[in-house]
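The values are calculated or read from the model by the stated rules, or taken from the named source; none is laboratory data. Remember, predicted model here, so these are calculated numbers, not experimental data. Here the Cβ positions follow ideal geometry from the backbone for every residue, glycine too, while neighbour counts run over all protein chains shown. Remember, those area values only see protein heavy atoms, side chains included, never the ligands or the DNA or RNA. Shrake-Rupley method; radii C 1.70, N 1.55, O 1.52, S 1.80 Å.
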Amino acid sequence: MTNANIQNPYGRQIVSLDGDWHYLIDPYETGFYNMFGEENSFGYFRNLTPEDHWASEYNFKQSPTLKVPGDWNSQEPTLLWYEGTLWYFRELPAIPDDGLRRFVRFGGANYDTIVWVNGQELVRHTGGFTPFEAEITDVVQAGTNYVVVKVNDERLKDGVPTRNTDWWNYGGLTREVLLIATPATFIRDYFCQLDADTGATISGFVQLDGEGGQTVELAIPELGVSYQISTDAAGFGEFSLSATPERWSPQNPRLYDVSFSTAADVIHDRIGFRAIATDGEDILLNGDSIFLKGISMHEEAIGHARRANSIEDARRLLAEAKALGCNFVRLAHYPHNDHMCRVADELGLLLWCEVPVYWAINWESQEVLENARAQLIEMIVRDRNRASIILWSIANETPVSDARTAFLKSLAETAKQLDPTRLTTAAMFMRPDKVEEDGEVVRTYTLDDPLADYLDVMGCNQYLGWYYTKVTDIANARWHSDKNKPLVMSEFGAGAPKGKRGGPLDRWTEDYQVTVYEAQLAMMQDIGFLRGLSPWILKDFRTPKRPLAGVQDYFNRKGLISDKGERKLAWQTLYEFYQTK
Ligand code: GCB
């Protein structure tokens, strides 16, 4: 537990390191290696200039700047399709000699990152969508201190995700960078949730960083809770107390002020209490069966082709889901910014959160498994106090094999160990068959992926009417499962650029997108074990996989909203369906 990232960094004493960072583009990693592949003694992390040494051929302070947070691709035209290494530099604000510990926290950097402060390497991190931090207490000096960050977003066969995906690989320091100050001993991590089974117990733990054996007070003033948690020598302490909070739900997204404090430290959070469970084919929110009216989304800002990177971007994205009539959002295909989960907590949107275990990653490699597990752990630790999150998803569309199922079973177990209060899921495929029924051809779809046995909720991606069958075949579809588990139809859809019109059966038109949605939604009414859907996708998004000129132009066009932010006709179709649910 001690190596968890600092919980709730926004609740800490922070200085934002956002803004302009100098950068150097370095496809050959000249800033790292000399011509023989050995360490470069003029390496960029040393922040040398030609004035410092005649053989130095760079100068950060003379170099242009990029905004942090922000992907590099959308900020500078020559970087639009760039993948590789880019170096960032900035000076730190003056750090007072006040006895506090200091950390630099990166909300996310895609994909492999190394951080140096004053030329000293402090941390390496792999994975593009989860936070990491470096303690700089013993490295900073009076006067000027500087940070250099090398980010490499090369896609790797043994990466998570692997080389091949259907979204653009936005590189760089895509999320906020914070300078955090804490006392010598501080509350590093805590977990505070309503137990799913009783619904009347709040339990969790607290983890100190520093001197253990201290008492931590948990206070929830609006519930009259003031509870002393003892911690062991390692600073870990658990708690469990009876409470009957107002339940958080989409109708009533009630959040409580919760604080943990020691003599030297205090951290405040806003936490919602709700219970999520399954019962046979039902999903129960606070004991009542719920239908998830959802939409899938990538982390791309509304009205732009760039990574969403601020709380304002999160608000705009989730406001679109609310406008569509959703109570549920699938945050595909990787952990989104933590702002998304906080805004969803406020708005009353239920969330599916996912790690980028996507398509065919290397199931045979222990290293790949540990990389995927590290990303899953970082996501869960970051977000497990958010009431909005009900589903941890461990994979998307992975080809069935023994090695893959063992890999994913292991991830599902990790998710449950870290967070027994939530449900696990994955987006899987179904088995298609054709059978004759009363002289008519009927298409059956069976959910029989062995992975389903290790999950609470089955997700299924199916593109009937787009990739697999004609739209006219959808009416003859029958769905089966003997798993006795709820199903969320985690994807379906059809591509259409905004403004392209035609007949109802003309592919690539808004009209055809409507036809597919109408047929799909009619089919859904007859699937007895269906408990939700998250069609693909809220907004057109940038992807090199979609080159069709004049139609796709390197965008996946299955959005209900265009990349410019305009609603398509099928938006209304889904909106009307959700009004009836
Ligand atoms: C899928 C994938 C998603 C793709 C989508 C598509 O099944 O999960 O990442 O973008 O299909 O548009 O083909």
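So here's what we get for this one:
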item	result
Selected residue (criterion: farthest from the ligand (Cβ to nearest atom)) from residues of segment 450-472 that are open to solvent by less than 40 Å² (accessible area, probe 1.4 Å) and farther than 19 Å from H333 by Cβ	D456
Residue match in segment 274-297 (condition: under 27 Å from K539 (Cα atoms), of a type outside the set (D, E), open to solvent by less than 10 Å² (accessible area, probe 1.4 Å) and free of Cβ contacts under 8 Å to residues at least 24 places away in the same chain)	no
R531 vs. criteria open to solvent by 10 Å² or more (accessible area, probe 1.4 Å) and closer than 30 Å to D282 by Cα	yes
A427 vs. criteria within 16 Å of the ligand (Cβ to nearest atom) and outside any helix (DSSP H, G or I)	yes
Complete set of residues in segment 473-502 that are within 16 Å of the ligand (Cβ to nearest atom) and closer than 18 Å to A519 by Cα	V488, M489, S490, E491, F492, G493, A494, G495, A496
Subset of segment 58-117 (residues that are outside any strand (DSSP E or B), open to solvent by 30 Å² or more (accessible area, probe 1.4 Å), within 29 Å of E312 (Cα to Cα) and charged (D, E, K, R))	E76, E83
When residues of segment 231-245 are limited to those that are open to solvent by 90 Å² or more (accessible area, probe 1.4 Å) and at pLDDT 95 or above, the one nearest to D257 (Cα to Cα)	S242
Residue that is nearest to the ligand (Cβ to nearest atom) [pool: residues in segment 359-395 that are open to solvent by 10 Å² or more (accessible area, probe 1.4 Å) and either in contact with a Cys (Cβ under 9 Å, 6 or more places away or on another chain) or closer than 20 Å to H298 by Cα (or both)]	W359
Matching residues, segment 130-153, being in contact (Cβ under 8 Å) with a residue 60 or more places away in the chain and touching a strand residue (DSSP E or B) at 6+ places or on another chain (Cβ under 8 Å)	P131, F132, E133, Y146, V147, V148, V149, K150, V151, N152, D153
Among the residues listed as E491, E518, E510, the single one being open to solvent by 20 Å² or more (accessible area, probe 1.4 Å) and in contact (Cβ under 8 Å) with a residue 40 or more places away in the chain	E518
Unmet requirement for T573, which otherwise passes all of (1) hydroxyl-bearing (S, T, Y); (2) touching a residue at least 40 places away in the same chain (Cβ under 8 Å); (3) closer than 28 Å to L423 by Cα	(3)
Given (1) open to solvent by less than 50 Å² (accessible area, probe 1.4 Å); (2) of a type in the set (F, W, Y); (3) within 16 Å of the ligand (Cβ to nearest atom), number of the condition Y554 does not satisfy	(1)
Filtered residues of segment 390-424 (kept if not in a helix (DSSP H, G or I) and not polar (S, T, N, Q))	I390, L391, W392, I394, A395, E397, P399, V400, D419, P420, R422, L423
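Yes/no per residue for (1) buried (at least 18 other Cβ atoms within 10 Å of the Cβ); (2) of a type in the set (V, I, T); (3) not in a strand (DSSP E or B):
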| position | (1), (2), (3) |
| --- | --- |
| E121 | no, no, no |
| K157 | no, no, yes |
| R175 | yes, no, yes |
| I180 | yes, yes, no |
